[in-house]
Every structure is written in structure tokens, then in C-alpha cells.
1. Of the conditions (1) more than 20 Å from residue A:187 (Cβ to Cβ); (2) open to solvent by 60 Å² or more (accessible area, probe 1.4 Å); (3) within 14 Å of chain B (Cβ to nearest Cβ), residue A:272 fails just one. Which one is it?
2. Got at least one residue in segment B:120-129 being more than 18 Å from residue A:338 (Cβ to Cβ) and touching a residue at least 24 places away in the same chain (Cβ under 8 Å)?
3. Restricting to segment B:226-274, give me the number of residues that are farther than 27 Å from residue A:341 by Cβ and β-branched (Val, Ile, Thr).
4. Can you say whether residue A:192 is closer than 27 Å to residue A:31 by Cα and either in contact (Cβ under 8 Å) with a residue 60 or more places away in the chain or touching a strand residue (DSSP E or B) at 6+ places or on another chain (Cβ under 9 Å) (or both), as far as the supplied structure shows?
5. How many of the residues making up segment B:135-166 are crowded, with 20+ Cβ neighbours inside 10 Å and within 22 Å of residue A:48 (Cβ to Cβ)?
6. Could you list, in sequence order, all residues of segment B:181-200 that are under 17 Å from residue B:95 (Cβ atoms) and either within 12 Å of another protein chain (Cβ to nearest Cβ) or open to solvent by 30 Å² or more (accessible area, probe 1.4 Å) (or both)?
7. Looking at residue A:73, is it of a type outside the set (Asp, Glu), out of contact with any strand residue (DSSP E or B) (no Cβ under 6 Å at 6 or more places or on another chain), under 29 Å from residue A:152 (Cβ atoms) and surrounded by 12 or more Cβ atoms within 10 Å (Cβ to Cβ)?
8. Restricting the search to segment B:79-100, which residues are open to solvent by less than 30 Å² (accessible area, probe 1.4 Å) and either without any contact (Cβ under 8 Å) to a residue 24 or more places away in the chain or at the interface with another protein chain (Cβ under 7 Å from one of its Cβ atoms) (or both)?
Amino acid sequence: MPQGKGIKFITYLALTACSVVFALPFAWVMVTSLKPVEQTMTMPPTWIPKTYYIESAGKKLEVKKGIVTHEAGAILTVKEGPREGERLFVPNSQLKDGKALLQVQIADKVVQGYYPVDIEKEVQPGWIQVIEKLPAQYEKTEPYWTFVPPEKIIEKVKFWLRNYLDVFVKIPFLNYAKNTLIVCILGVIGTTFTSALVAYGFARIRWKGRDFIFMLTLSSMMIPFAVLMVPLYGVFKAFGWIGTLQPLWFPYVFGTAFNIFLLKQFFMTIPRDLTDAARVDGCNEFEIFWRIILPLSKPALTVVALFHFLYAWNDFMGPLIFLTNKDTYTLSLGLQVFQSQHGGTEWHLLMAASAMVILPILVMFFFAQKTFIQGVALTGLKE
Amino acid sequence: MTKEEKREFIKGILFTSPWLIGFSIFVIYPVVASFCYSFCYYSVIQPPRFIGLLNYKDLLTDPIFWKSLWNTFYFVIFMIPLGFVASLSLAMLLNTKVRGMAFYRMIFFVPSLVPMVAGSILWMWIFNGEYGLLNNFLIKMGIPNPPNWLMDVNFAKPAIIIMSLWGLGQTIVIYLAGLQDVPVALIEAADLDGANWFDKLWNITIPMISPVIYFNVIMAIIGGFQIFSQAYIMTGGGPQRSTTFYALYLYQTAFEDLRMGYASAMAWILFVVILILTMLVQRISKESVYYHGG
């Protein structure tokens, strides 16, 4: 290019800016999945998961931050009255002569009154409440809390890897993963082999009616799933398969239009001389398919297998319609159910679970990058 | 048929028989059945009962049907041009020769591989009105009252469009493959004639990749009209039905209200709409798509 460096610089700038926008959501998943829950809802959002400690009786105590006071006050214990024994923070404006203005419930009414208290600690404006972090098994116990000046809080970067373990406790993640793998693997094996067989029938054998049936196959890709789903539900119900995994892999064992199309295009590029020679040697049609065509088609078969794996791993609508039994949920459906039950409360776990659903796909992509891109290009352009 | 033809016919049928069986059970039968159901009252619990055109007649006066149709058109109408401009410009960026291109390409492609559920959960968090990344950024940019995206009737659909733009990776790759097929000689010739960047884009690149544009537009129409998961997961169709897209309403009718006949009628209308639009694009493309070498 004649303009040279300027253009190149702008290109880099644009590429980098756009990549940041595209990659940011991923970074956000990872960051959130490594945070303790209370840090997932801070404004402004923070990018580095941190843990806070205070020194208490010579020991480091792990805490989370609570409210910040804007006026001076005191931590105290109520000495008598209906709220006797409660430990509270009360601002100075509600304190008078060792008594605190409290709301109490008498009979059905809430009334205010002054009650004697024991002052434990004076609190200055700007101090931050810190609350002890208890391990999950002590969740019911009241955690220790106090107010400390901000400089007393020790801050450390800590990645909350425990979220990933907690996911396994909170949802049957392993079971979902197993179900998803069953659907993926059976579907991949079935559809790859059958689609190849059928594609061979369309690509290498000349028979009456072939072109018509192939056209029918192609046009079936235009039919929206919405048209098929109601009767399919009826079919699987008649088979007794609603609530089982079969509806999610069995239909693909008969081949899929898209994969048949893809493989047919590929098979047509294999020179006829190769197969003719084998035929002269006495190979039958299936032997030619099995011994010559299949070994030569590894790249195309890989694309088909990858695509189906990806499809089955990501599929949401199929499981939503056909799975009614929690034991057979796949990862997408399990994740959705978990999100609708805990959305807004357990973002850290939700993100850890999402990360684990995304990760296998990313790993696969990393190793099969070329095949993926080739596949997309191949399928997109041959139409 | 001669003996030879017969033998080839049997061979052909044998090889394609798995598909022929599967196709009959999982495509032909459902299509026929769905068509029949669309004239029936069918609640799964009882066998379908013929009611003639009543489903179609009821649809005409069903406000949610019209609303969902409008929502879907809104999505497609904005998504197609936005998606076209975004994916073509990114593909052009990715078609330049700079270092580390493989890395950049990966970053744009990977979001399209993310499972819809995980992606939706992630974007719910980004769109969150109080703690979300997006609004925090907008406030920093000096926009004091950004919308509460998914909770706001006017912004829920744009939010889903933004999210969909993030998942355009496969379209970008297809454009990229198309761009790489544009003959360099043509561009060089235009350079010699003193053509500017826009001239080259408009008179060479776009005509040369018109088959790819055609393919992507058709896919965008087919996909756009079937948008479902994002809305189901992120908004459940709300607020005030502003993200009840056609496929979502269809799903709710069929599997939540168990009005399978009514849903089948909806499905057929969807099919016809997609068919008409596809044919329309095909008609337009006959005049403007340029097939080189063929």
C-alpha cells in the first residue's frame, strides 16, 4: 500500500479496539467467576478479585465489607427491654445518657423508645463495617462484625477458585456434563458415519430419482424447527422418550441434511480414477466407500464431527422441550435452570458454571482452529 | 430400466436408506402432521379435533401474535443492515496484512461458539441496570441516566440486537473467505486508474462478494425469524411482551399453554413468511448478484 505506515497504524488501532470490545465479556466471566459473591455487585465494577482482612486479637480475620457510616456512633449491646441482648450500631443522634432510641414491637405495634445500652466501641464517620466470612457449613451462625477505620483493612488480591468447587455442590454439574457428553458423542458418531454413507450415495452413484431426492434434502434445511417441534414431541411421546436423552441424539443417527450436503460436495472432488481402479480389482461399492473414500475424507469428516459436537453441546431448545426429568438435564438446560433460580444472587457461581460450559469449546477450538475456520468457509461458500 | 440401471438404483437407495428413513420420520411426517394439526384443537392430552380455519382466524385477532410478529420484524430489520455493516467491516479489517492476524481472527470468531445459555447469562450481567458493565461505562462516558436495558420496554430489543452483534463470528469468517477470493489484479488495475477506497469497495469488492452477501442475508433472515433462546433466558419475553419474539410465543403457546394446534398454525405462518422473504431476496439477487467464473 502506498500510504504505508499511517494506514497500518490505523488498522492496528481499529483491530485492537474492536478485539477489546469482543473479548471484554469473556474477561468479565472469568473475573466474576473468581470473585466472592459480595464483590460481584459493586458499583463501579472491579476487575480484580480481592480479599479483605482485619487484625483481630493478633490474628488475621478474613472479612467482607459492609456499610460505610457517615456519622459518628457506637457499637452497643441492649441491656433491657424487648430487644435485650442485641448487638447494634447506633448513630450518636440516637444516643442519650447511656440510652439508645430503638424501635421495638409491643403487641402489634412498632413504637420508639429509649432503652439502656452498654457501649462497646465508638465509631467515627467514614469507618467501614467489616463482617467475618464464615465457611459455608456455618452459614446459620451469626458472623462477628465490627466497624474499623478504612486504613485498618488489609487488602489482598485473591482468586476465589472455590467457586468452581461450589458449583459442583450447588448443582449436579457432573451429571449434566455426563448427559451432554452422551448426547454429543452418540450424535457425532451417528451423524458422521451415516451422513458419509448417504453422501456417497448422492455423490458417487448414478441412480434414477437421485437429483430429486437430493433437492428435497437440501430444501428441508429451510423448514423452521417450529414447524417440526410439535409433531416431533408427539413422535417421541409415542416412543416413550420424553424425559430421556434419546430425542437429542437418535434423530441425528440417520444423518443430517447439512452434513450430507457438505460431504457430498467433498466426495465429488475425489477423482473417479481412484475408485474405478478399485472396482476393477473387484471391490464392491461398500468396500470402495469404506477403504478409499472415507480415509481420503478425514478433513471433511472432522469438520462434520466438530460441527455436530458444537451443535449438541450448545443446543438449548431441544433439551428444553424434550427433557422433563432433572436427572437427564444437559449443561445448557441445567445452567438455565440454575440461573432462573439463583439469578441475581449467586453471580459468582453462575459465572463459574458458565466458564466451565464455555471452556471445553474453547479448548476444542484452540486445537482445531484451522479445521473450524475452513469448515465455516467451506459451508458458507459452496451454496 | 435396464439391468444395469436397476442395479445402480438399488445401490443408491441402499446407501441413502438411513437418511430416507430418518427423513420420513423426522421431517416429512412432522411437516404433514403439523399442517394437519394447524386445523385442529390439540392439547396433547386428547387426540386432535378438527376445527377448520379457526386457529388461523383466532390468530388474526390475537394481539400477542401481532406483537410478537412486530417484535421479530423489528429484530430482523435492524439486525440485517447492522450485522451486514459490522461483519463486513470487521472482515475487511481482518483481511489486511498485519502481524498477529490469527490471534485477532480468533477473538472475533470465538464468541459465536459460546453456548447461548452462557452467553445470555453473561450479557444479562453486562446489561444489569445497577451493577452492569455497560452502564458503568456509559456513566463514565458522561451519559448520566443510561437505560435499565432488559427492564426497559424501549431498550430490551436493542439490547438483544447488541448481544447478537457480538455473536457474528461465523458471518465474519464467511465474508472473510469471500474477500480473499476477490482477484488482486482487479484491485491493482483500479489503483492504476486512480480509484479511491470507496470506488473500489462499491465497484469491485461488493459486486465480487455479492454471492456471499446473498448467502449471509438469507441465513440472517432464516435465523433472525427463529430467535428464541436469548429472549427466553434473559427476559422471558418481557418487559410488557416487548421481547416476546415469534418463536418464543410459539413455544409458550405449544409447551406452556399446551395449545399445539394453535402453535402449529403459527409455525406455518412463520414458514410462509420466511419463504416469501427468501424468495424476495432471491428475486432481487437475480439482478444484482454477480457470479464470477460461472
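1. (3)
2. There is at least one residue in segment B:120-129 that is more than 18 Å from residue A:338 (Cβ to Cβ) and touching a residue at least 24 places away in the same chain (Cβ under 8 Å).
3. Qualifying residue count for the region: 4.
4. no
5. Total meeting the criteria: 1.
6. In the first step, residues of segment B:181-200 are kept if they are under 17 Å from residue B:95 (Cβ atoms); the result is B:181-188, B:190-191, B:197-198, B:200.
Listed by number, the residues that qualify are B:181, B:183, B:184, B:185, B:186, B:187, B:188, B:191, B:197, B:198, B:200.
7. On the way: of a type outside the set (Asp, Glu): yes; out of contact with any strand residue (DSSP E or B) (no Cβ under 6 Å at 6 or more places or on another chain): no; under 29 Å from residue A:152 (Cβ atoms): yes; surrounded by 12 or more Cβ atoms within 10 Å (Cβ to Cβ): yes.
Judged against the criteria, residue A:73 is not a match.
8. Residues satisfying the conditions are B:90, B:98.
The values are calculated or read from the model by the stated rules, or taken from the named source; none is laboratory data. Because the structure is a prediction, the values reported are computed rather than measured. Note: ideal-geometry Cβ built from the backbone for every residue, glycine included; neighbour counts use all protein chains shown. Each accessible area value is taken on the protein alone, full model and side chains, heavy atoms only, with ligands, DNA and RNA left out. Shrake-Rupley method; radii C 1.70, N 1.55, O 1.52, S 1.80 Å.
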